[in-house]
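Engineer: Sharing a structure with you now.
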Amino acid sequence: MKVLKWVGIVLGSLIGLALVAGVVLYFIGDGSVTASHADETFEASALGTADVERGRYLVEDLIGCSGCHGDDLSGVADLMFEFEGQASPMGVLPAPNLTPNGVGGNMDTDGWVRALRHGVGNDGRGLVIMPSGGFATLSGDDLASIIAYLESLPPAGEPVGGRSISTMGKVALGAGLFPDEYKLAQGVEQVEVPRAATAEYGAYLAGITCFDCFFDLSDWSEEDFRRMVSEGVLPDGSAVDPANPDDNPWENVEEVDIDAMWAYVEAEYGG
Ligand code: HEC
């Protein structure tokens with residue numbers, strides 16, 4: 001009986017602790033969702049030479065903003081739904097329409113910089129899942145070029161609705177299961193490295209695209225890597241994106257960038 005009593009006490013304490021942890025995480029997540037950063041000022045960003053074609057390449061071919069913001073960057077009503085194929089218990093998270101029919105209509109350069117580099121939406125909310133923590137390193141030229149391309153977008157689609165993160169979504173956010181990008185973007189410096197087939201430039205590309213986040217690249221050969229980028233096929237022959245097997249997200253990435261990515265993979269993961 002004594003043993004049972006102790007098992008009960010231990011289990012009870014564990015459940016109690018889990019509840020306390022859940023409540024703490026909930027409040028952390030709730031704080032992230034409700035905080036307003038509208039009045040926050042950030043250190044000025046370097047903005048270099050804007051080149052619309054370079055911006056198009058970064059947005060469409062290299063980073064693939066449309067993977068979340070939808071075709072024509074005209075927005076996706078619920079990204080959680082899109083990711084999981086059914087309504088998510090985490091709540092609803094739209095990826096805004098970036099064209100003049102959506103948030104693009106209310107953005108100025110400062111607004112784009114705040115979203116891209118500091119994780120702050122144009123209503124002051126801290127952004128989640130939007131990878132601002134990675135984009136924060138964008139060089140002055142690349143940042144200016146992306147903004148110039150976004151400002152050149154033709155109007156498309158309708159504005160999307162607001163986000164609504166559920167209690168479970170807030171606990172998950174508090175636990176870091178999906179990223180609070182406002183927090184991740186704080187204090188990140190811009191990176192200026194010349195575009196060349198170097199590991200250093202590859203590291204910059206990894207930072208802004210996360211190309212190395214999705215697979216364990218440690219035992220890949222150069223051939224495996226180049227095949228993934230040029231054909232969208234993994235070493236075991238399966239598609240990079242099983243949901244769209246005919247779609248190769250990196251098919252238009254230019255040679256110098258692929259060389260730089262491989263140089264980085266070799267240096268970082270041993271190749
Ligand atoms: C992994 C998915 C994902 C990718 C990739 C992504 N975004 Fe986002 N983006 C989001 C989500 C989700 C939001 C809204 C987040 C929220 O409301 O908390 C957002 C918000 C934004 C906002 C703020 C809009 C507003 O309401 O003020 C801008 C601007 C933006 N994204 C631009 C971009 C650009 C440009 C790129 C590519 C360089 C990009 N995003 C790539 C998911 C993504």
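Engineer: Quickly rank 133-142, 55-64, 14-23, 250-259 as a protection proxy: mean count of other C-beta atoms within 10 Å, highest first. Before the final figure, lay out the partial values.
Structural biologist: Working: 133-142: 22.0, 55-64: 18.9, 14-23: 11.0, 250-259: 15.0.
Result, highest mean first: 133-142, 55-64, 250-259, 14-23.
Engineer: Taking amide H positions as placed in the peptide plane 1.01 Å from N, state which residues far from I165 in sequence (5 or more) or on other chains have amide H under 5 Å from it.
Structural biologist: Long-range HN contacts for I165: V92.
Engineer: Can you list the DSSP H helices in the chain whose Cα atoms extend at least 30 Å along the helix axis and whose mean Kyte-Doolittle hydropathy is -1.0 or higher?
Structural biologist: Numbers: long enough: 2-34 (47 Å, 1.63).
Qualifying helices, which must be both long enough and hydrophobic enough, are 2-34.
Engineer: While we're here: Quote to one decimal, in nm, the extra length available between D216 and E266 on full extension: 0.36 nm per residue of separation minus the C-alpha distance between them. Walk me through the intermediate numbers first.
Structural biologist: On the way: separation 50, 0.36 × 50 = 18.00 nm, distance 1.26 nm.
Extra length available between D216 and E266 comes to 16.7 nm.
Engineer: Charges at C-beta only: +1 for Lys and Arg, -1 for Asp and Glu. How large is the resulting dipole of the stretch 199-269 about its Cα centre, in Debye rounded to 20? Numbers along the way, then the final one.
Structural biologist: Values: 2 positive and 19 negative charges, 25 e Å.
My answer is approximately 120 debye.
Engineer: Distance from a point 7 Å along Cα→Cβ of D71 to each backbone N in the stretch 125-155: keep the residues under 19 Å and list them by number.
Structural biologist: 153-155
Engineer: Same structure again: R0 = 51 Å: FRET efficiency of S230 with E43, Cβ-based, nearest 0.05?
Structural biologist: Details: r = 39 Å, r/R0 = 0.77.
Computed FRET efficiency for S230 and E43 comes out at 0.85.
Engineer: Quick check on the exposure proxy: order H37, H118 from fewest to most C-beta atoms within 10 angstrom. Display every interim value, and only then the final one.
Structural biologist: Working: H37 18, H118 24.
Going from sparsest to densest Cβ surroundings: H37, H118.
Engineer: So if we plug the beta-carbon distance of E60 and T34 into 1/(1 + (r/R0)^6) with R0 = 35 Å, what FRET efficiency do we get, rounded to 0.05? Write down the numbers at each step before the final one.
Structural biologist: Values: r = 34 Å, r/R0 = 0.97.
The computed FRET efficiency comes out at 0.55.
Engineer: Could you compute the FRET efficiency for E158 and L17, with r as their C-beta to C-beta distance and R0 at 51 Å, rounded to 0.05? Don't jump to the answer; show the numbers that get you there.
Structural biologist: Details: r = 46 Å, r/R0 = 0.90.
Once rounded, the FRET efficiency stands at 0.65.
No value in this document is a laboratory result; all are computed from the given coordinates. Owing to the predicted nature of the structure, the values given are computational and were not obtained by experimental measurement. Because the Cβ atoms are built from the backbone with ideal geometry, glycine has one as well, and the counts that use them run over all protein chains shown.
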